[in-house]
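Remarks on the structure that follows.
The values are calculated or read from the model by the stated rules, or taken from the named source; none is laboratory data. From a predicted model like this one, the values you see are computed outputs, not experimental measurements. Ideal geometry is used to build each Cβ from the backbone, glycine not excepted, and the neighbour counts take in all protein chains shown.
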Amino acid sequence: MANKNFPHAGKSTEINAIQENRNFENRNNENRDYLEETAAEAGAVESRNTNETYNYNNDADEAGGRNLGWLALALSIISLFVLPVLLGAAGIIIGFIARRRGAENLGAWAIGIGIVSLLLGIFVLPFF
């Protein structure tokens, strides 16, 4: 039976068991180098398909299309100032070739500027 002055007198076995458990945990923690739990993380591993063949000519085609795109754009811009019909038409034609070879943006700009230059050369410039 529990005493009024000592309410936990009957529970000494439970308290002793809890203290022994804490002492055991403290002794184990003292022997460890690290107290925190860690895990190693690994990134996703890419797998390559060895059956896939690489087209080495694709880079050369894109470079050729890009060069043609810059040439077409240069011709179209120059045609705004000199020989608009001739250089504008050349810029449009080379712009289409550049788009077909992969330089879509350069080719599109060359075609658009070439068309503007051609229309200005045919319809506006004869009146000046």
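Which members of segment 110-128 meet the condition of being without any contact (Cβ under 8 Å) to a residue 40 or more places away in the chain and surrounded by fewer than 20 Cβ atoms within 10 Å (Cβ to Cβ)? Listed by number, the residues that qualify are Gly112, Ile115, Val116, Leu119, Ile122, Phe123, Val124, Pro126, Phe127, Phe128.
Each residue in segment 66-79 was checked for being surrounded by 20 or more Cβ atoms within 10 Å (Cβ to Cβ) and within 29 Å of the chain's Cα centre (by Cα), and 3 pass.
When the residues of segment 90-108 are filtered to those that are surrounded by fewer than 19 Cβ atoms within 10 Å (Cβ to Cβ) and either without any contact (Cβ under 8 Å) to a residue 24 or more places away in the chain or assigned to a helix (DSSP H, G or I) (or both), the one that is farthest from the chain's Cα centre (by Cα) is Ile93. Checked against the criteria, Arg48 does not count as modelled with pLDDT of 65 or more and farther than 26 Å from Gly121 by Cβ.
For segment 111-128, enumerate the residues that are part of a helix (DSSP H, G or I) and over 41 Å from the mean Cα position of the chain (by Cα). Matches in segment 111-128: Leu120, Gly121, Ile122, Phe123, Val124, Leu125, Pro126, Phe127.
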